[in-house]
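The values are calculated or read from the model by the stated rules, or taken from the named source; none is laboratory data. In this text, all values refer to a predicted model and were calculated from it rather than measured experimentally. Reconstructed Cβ throughout: ideal geometry from the backbone, glycine too, with neighbour counts over all protein chains shown. Areas reflect the complete protein model, heavy atoms only, side chains present, ligands, DNA and RNA absent. Shrake-Rupley method; radii C 1.70, N 1.55, O 1.52, S 1.80 Å.
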Amino acid sequence: MVKKAIGTKDHPRITVSQTGIDLLHNPALNKGTAFSEEERDALGLRGLLPPHVHTQEEQVLRVMENFHRKPNDLEKYIHMIALQDRNETLFYRVVLDHLEEMMPIIYTPTVGQACLEYGHILRRPRGLFISAADRGRVVELLHNWPYRQVRIIVITDGERILGLGDLGAFGMGIPVGKLSLYTACAGVHPSLCLPVMLDVGTDNERLLNDPLYIGIRQRRLRGEKYDRLVDEFMTAVQETFPHTLVQFEDFANVNAFRLLNRYRDRLCVFNDDIQGTGAVALAGLYSALHITGRGLTEQKVLFLGAGEAAIGIADLIVAAMMGEGLSEEEARGRCWLFDSGGLVVKGRAGLAGHKLPYAHDHPPLTDLLAAVEALRPTALIGVSGQAGGFSQPVLAAMARLNERPILFALSNPTSRAECTAEQAYTWTEGRAIFASGSPFAPVTWSGKTYVPGQGNNAYIFPGVGLGVIACGARLVTDEMFFAAAQALARQVSEADLEQGLIYPPLTQIRAVSAAIAVAVAEVAYRRGLATLPRPDDLAAHIRAQMYEPRYQSYV
Ligand code: NAD
């Protein structure tokens, strides 16, 4: 009989009492063929498993052999999720040991394709589905979740999944994927993580007509009814899982800014698309400036796209520039937005509120090339979800205006990137300092190989979440994201920069996340936002909390 609490010292998970087939069917406890002889006898497993006891390393070999046999990335995704459903420890072991290979599968870009087809590839539901029909009983649903120690929730309403638009309940792949990264990249124990789909309907006709659609078949709830459901959820979380961090993910910008502003000063929340993106881009900019040798306050940044990502990045750049002595007005004047209506300028009709601080005095322009020529930016940041947004003439102009043009094509998934890595290097004659949101392979141009950096939030949010829960922060502040950006930039070595790499290799992600967590917790302690006592050695305390996917003995 297994009766033990499994987890870290500070966060024990539920006590279980399972044997035999029930134990093999519990992904949180199952070890498959790795159950020892003693465990097989004590736990009623004899005969339910083939006789040979495998090590975890041998099991990893089996998973990888099958992984490489899969004909495409979506099949690889399905293979990995099936493993997560069977044996969580082995899933995280494989992900951690093969992070560079696994990230593009369990996260962007493949997770995008998985979301497009989520109802078609569904095997076993993961996470909590809360729909508009559950109004009035959200607390009850949270109580149905089997773990009582939830510390991080990632919630989406599926309206803006990556750059793919409204995928309704199919968007559940995103909270599931993000939380896997919390565990893989920052060692947050899986039982502390809860993915939530707030299913308020979809305006996507294709899904409404799809017999395999998994969500409620109605148009999106809007206005007061929507707000009341979100409010009920936030209140239910406080009641059921107090001190839990709530990460808003892939909400359309009509709701993203509003929800963040509504809760950020009273509850422990953040929006990764706004704040996480801001931090990862600012860190990339700091690294790029190491290469160019120029100062932050000399930069002029033009954004293609004026949504959550653009505003998140611009706001953090403004804060950083103000930290280096510019006034707010001067700093904002160094950030320009270009959206589907052209250059965001003062007096343009119908501008959404979040764009107004960046609407500067300028004649209207509807062509990006003309905007580049007129503004002469040092950095061009693509966050529009529009493939091909950076055309050859635009990149050639950036290269003419700058010795080392800074080009970030951050839109996800790969199919939405504003340009490819190859285009960025060839169209700037190898002078671009380039990063993309989804990974691109190295590019050889004119005999030299360039390694593109991946400017992905996965560098930031896992460490921020770990830091927040390690100190019990009551709120998540912009200062924490600023500290996270600086901590990330500090992790980039001279050798990385020499290769043109502006982010550290993914293989170092656990050390990176730990450093970010320390920086975030430091801010919380300094600002009186931490609810847990400060340990003598904060870094050691945080490292000790990180989950390692190794089997524990049950006997
Ligand atoms: P959003 O919907 O809030 O904003 C999209 C913006 O693009 C809007 O301002 C829209 O007007 C603009 N746009 C649309 N078509 C355009 C066009 N043809 N020309 C110019 N602008 C156009 O979305 P968001 O949250 O800001 O995300 C945008 C993209 O950035 C997505 O693809 C997302 O995946 C990506 N993103 C990447 C990361 C990362 O880690 N790399 C993080 C966040 C977002």
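Hey, which aspartates and glutamates would be in cross-link range of Lys76, C-alpha to C-alpha under 18 Å, not counting anything within fewer than 8 residues on its own chain? Within the straight-line cut-off, Lys76 pairs with Glu65, Asp85, Glu88, Asp97, Glu100, Glu101, Glu117.
Here the Kirkwood formula, the inverse mean of 1/r across different C-alpha pairs, assigns region 361-492 a hydrodynamic radius of 16.3 Å.
Taking θ as phi - 60° and the Karplus parameters 6.51, -1.76 and 1.60, the scalar couplings of region 349-354 work out to 5, x, 5, 5, x, 5 Hz in sequence order, x denoting glycine and proline. In degrees between 0 and 90, to the nearest 10, how far off the longest principal axis of the chain does helix 253-263 point, with axes built from Cα atoms? That works out to roughly 70 degrees. Other residues within the sphere of radius under 13 Å centred on the Cβ of Leu122, judged by their own Cβ, net out at 0 (K and R +1, D and E -1).
Bridging of Lys355 to aspartates and glutamates at a Cα separation below 17 Å is possible for Asp273, Glu308, Asp315, Glu328, Glu329, Glu330, Asp339, once same-chain residues fewer than 8 apart are set aside.
Kirkwood hydrodynamic radius computed over region 246-308 comes to 13.5 Å, based on all pairs of distinct alpha carbons. For the chain, the carbon plus sulfur part of the accessible surface works out to 51%, probe radius 1.4 Å.
Rounded if a/c is under 1.5, else prolate if a/b beats b/c, else oblate: with a ≥ b ≥ c from the C-alpha gyration tensor eigenvalues square-rooted, which is region 130-230? Verdict is oblate for region 130-230. Nearest 10 degrees is fine. How inclined is helix 509-526 to the longest principal axis of the chain, computing both from alpha carbons? Between helix and principal axis, roughly 80 degrees. Mean sequence separation of contacting Cα pairs (under 8 Å, at least six apart), scaled by the length of the chain, corresponds to a relative contact order of 14 percent.
Each peptide among 156-167, 265-276 gets the average number of other Cβ atoms lying within 10 Å of its residues, and from highest to lowest they stand as 156-167, 265-276.
Rounded to the nearest whole angstrom, the semi-axes of the ellipsoid equivalent to the chain, taken from the Cα gyration tensor as √(5λ), stand at 39, 26, 24, largest first. Kirkwood radius and radius of gyration were both taken over the C-alpha atoms of region 76-170, and their ratio Rg/Rh is 0.98. For region 56-138, a simple Cβ point-charge model (Lys and Arg +1, Asp and Glu -1, everything else neutral) yields a dipole of about 460 debye relative to the Cα centre.
The long axis of helix 308-323 is offset from the longest Cα principal axis of the chain by roughly 70 degrees. Once the 1.4 Å probe is applied to the protein heavy atoms, the chain comes out at 38 Å² accessible per residue. Take 233-246, 177-190, 426-439 and order them by the average number of nearby Cβ atoms within 10 Å per residue, most first; the result is 177-190, 426-439, 233-246.
Fully extending the segment from Thr235 to Ser17, taken as 0.36 nm per residue of separation minus the present Cα-Cα distance, adds 75.3 nm. In the chain, helical runs assigned H by DSSP with n ≥ 4 each contribute -39500 (n - 2.57); averaged across all residues and rounded to the nearest 500, the mean residue ellipticity at 222 nm is -12500 deg cm²/dmol. Return the whole-Å distance between the Cα centroid of region 480-511 and the Cα centroid of region 396-428. So the two Cα centres are separated by 20 Å.
Each Lys or Arg adds one and each Asp or Glu subtracts one; over the other residues with Cβ under 10 Å from the Cβ of Thr33, this totals +1.
Evaluate the distance, in nm, between pseudo-label points positioned 7 Å from the Cα of His52 and of Leu208 along their respective Cα→Cβ axes. About 5.6 nm, to one decimal. How big, in percent, is the set of alpha carbon pairs in region 436-555 lying more than 22 Å apart? That tail contains 43 percent of the Cα-Cα pairs. Comparing Cα centroids, region 88-124 and region 184-247 end up 20 angstrom apart.
The calculated Kirkwood hydrodynamic radius for region 271-335 is 11.8 Å, given to one decimal from all distinct C-alpha pairs.
With a Förster radius of 56 Å applied to the C-beta separation of His120 and Leu356, the computed FRET efficiency comes to 0.85. Placing pseudo-labels 7 Å out from each Cα toward the beta carbon at Arg534 and Lys70 gives an inter-label distance of 4.5 nm. The distance between label points at Glu140 and Ser36 comes to 4.5 nm (points 7 Å beyond Cα on the Cα→Cβ vector). Here is the link list: Lys31/Lys178; Lys225/Lys346; Lys70/Lys178. Which ones come out longer than 27 Å on Cα distance? Lys225/Lys346, as the Cα separations exceed 27 Å there. Using a/c under 1.5 as the rounded threshold, could you call region 500-555 rounded, prolate or oblate? The axes a ≥ b ≥ c are square roots of the C-alpha gyration tensor eigenvalues, and prolate needs a/b larger than b/c, oblate otherwise. Oblate is the answer for region 500-555, as a/c is 1.5 or above yet b/c matches or exceeds a/b. How much net charge surrounds Leu162 when only other residues with a Cβ under 9 Å from its Cβ are counted (Lys, Arg +1; Asp, Glu -1)? It works out to a net charge of +1.
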